[in-house]
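Worksheet: the structure to be examined is printed underneath.
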Amino acid sequence: MLVDPKADPVAKPLLGVLRGERPAVPPMWLMRQAGRYLPEYRALRADKGGFLELVYDSAAAAEVTLQPLRRFGFDGAILFSDILIVPYAMGQDLWFETGEGPRLAPILSDTDLSTLKPDFSRFEAVYETVRQVKAALDPSVTFLGFAGSPWTIATYMVAGQGSKDQGAARRLAYGDPARFGALIDAIVDATVTYLSGQIEAGVEAVQLFDSWAGSLAPLQFERWVIAPNAAIVSRLKALHPDIPIIGFPKGAGAKLADYAAGTGVDAIGVDETVDPHWANRVLPQGMPVQGNLDPLALIAGGQAVEQAVDNIRAAFADRPHIMNLGHGILPDTPIAHVEALLSYVRR
């Protein structure tokens, strides 16, 4: 549906696009828009002393969620939390090493998996963050919740940390698919609980991040990316049929169309390595698309980012589209470049 630019404005432009509308100007938010490139975020993070301390202080997490909205006026707010809250609530120890990132006690055996004692009360602080943000959010802004997809979460749970090739999880998936499948099933259950709670607390759409989807061979991709995400989508739709779900399979490449068709997501995020003109040809007609501006183009700014924006908008001119990055905004991104991007897109 093409929206007449002279008509009354859409109450929530981003939510409208997720439901199939095509406004004259695409709505916009940025992955990791609440983060280290903002001085106000760095100050609050330093005050709290640690990442988990910030996530679990609902008032502080709500403040972080709202910071980029105040500064830039984005069309979407993304909940400030972390994808590893799910394994933490599943009973796995989680901590953050300074300068090194997240650490989990690795899943090494059947015994390790069976001894996990889920404690879904660990989701409650996140739900309280949602409630506080919802109460403070401008009515025109769409509130997005999120979770990591099962494959990506499993890679951290098996290895205990991030890795370049997700080798530990891939070896386990090939060598003991029954055991790995049990882990994936447990993550699916926890993720449905987590996202349903976010929705009940006030988010209006959710995004599934499969950050490491690109590391799998085609048959493994079908089994460990498409099937688990389809299970989450099906179960969430049964509980909350009106809530749009965005799938973001980073690195999916040629498997992007299979993901879109096989998972049942309402919209799909496209990373910066994908040719948007190709994506427009192969994705289901009318499916909303999000992305796929290169975060490094945003750092470069000027002509580089303007050419990229023009190319993306031309590719998705006949399809519902949300302007976003192809992955998270980088910490050294100049604030002036974000302001210029918004001005260029909205101009």
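The values are calculated or read from the model by the stated rules, or taken from the named source; none is laboratory data. These numbers come from a predicted model, not from an experiment. Every residue, glycine as well, gets a Cβ built from its backbone with ideal geometry; the counts of neighbours run over all protein chains shown. Surface accessibility is based on the protein's heavy atoms, side chains included, excluding ligands, DNA and RNA. Shrake-Rupley method; radii C 1.70, N 1.55, O 1.52, S 1.80 Å.
Below, the figures for the structure above:
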quantity: Residue, surrounded by the fewest Cβ atoms within 10 Å (Cβ to Cβ), within segment 59-81, restricted to residues that are of a type in the set (A, V, I, L, M, F, W, C), in contact with a strand residue (DSSP E or B) (Cβ under 9 Å, 6 or more places away or on another chain) and assigned to a loop (DSSP other than H, G, I, E, B); calculated: PHE74
quantity: Residue that is nearest to MET90 (Cα to Cα) [pool: residues in segment 146-183 that are in contact (Cβ under 8 Å) with a residue 40 or more places away in the chain and among the charged types (D, E, K, R)]; calculated: ARG179
quantity: Segment 294-334, subset touching a Phe, Trp or Tyr at 6+ places or on another chain (Cβ under 7 Å) and assigned to a helix (DSSP H, G or I), residue surrounded by the most Cβ atoms within 10 Å (Cβ to Cβ); calculated: VAL309
quantity: Selection status of ALA186, open to solvent by 30 Å² or more (accessible area, probe 1.4 Å), within 21 Å of GLN92 (Cβ to Cβ) and either in contact with a helix residue (DSSP H, G or I) (Cβ under 9 Å, 6 or more places away or on another chain) or not β-branched (Val, Ile, Thr) (or both); calculated: yes
quantity: Residue count, segment 276-293 (criterion: part of a helix (DSSP H, G or I), touching a strand residue (DSSP E or B) at 6+ places or on another chain (Cβ under 7 Å) and not aliphatic (A, V, I, L, M)); calculated: 1
quantity: Residue pairs meeting the criteria (Cβ under 6 Å; at least 6 apart or on separate chains; first at pLDDT 90 or above, in segment 98-112; second assigned to a strand (DSSP E or B)); calculated: PRO102/PHE96; ARG103/TRP95; ARG103/GLU97; LEU104/LEU94
quantity: Conditions (1) within 30 Å of GLY175 (Cα to Cα); (2) part of a helix (DSSP H, G or I); (3) open to solvent by 10 Å² or more (accessible area, probe 1.4 Å); number of the one not met by PRO87; calculated: (3)
quantity: Counted residues, segment 114-135 - those being in a helix (DSSP H, G or I) and under 15 Å from VAL192 (Cα atoms); calculated: 7
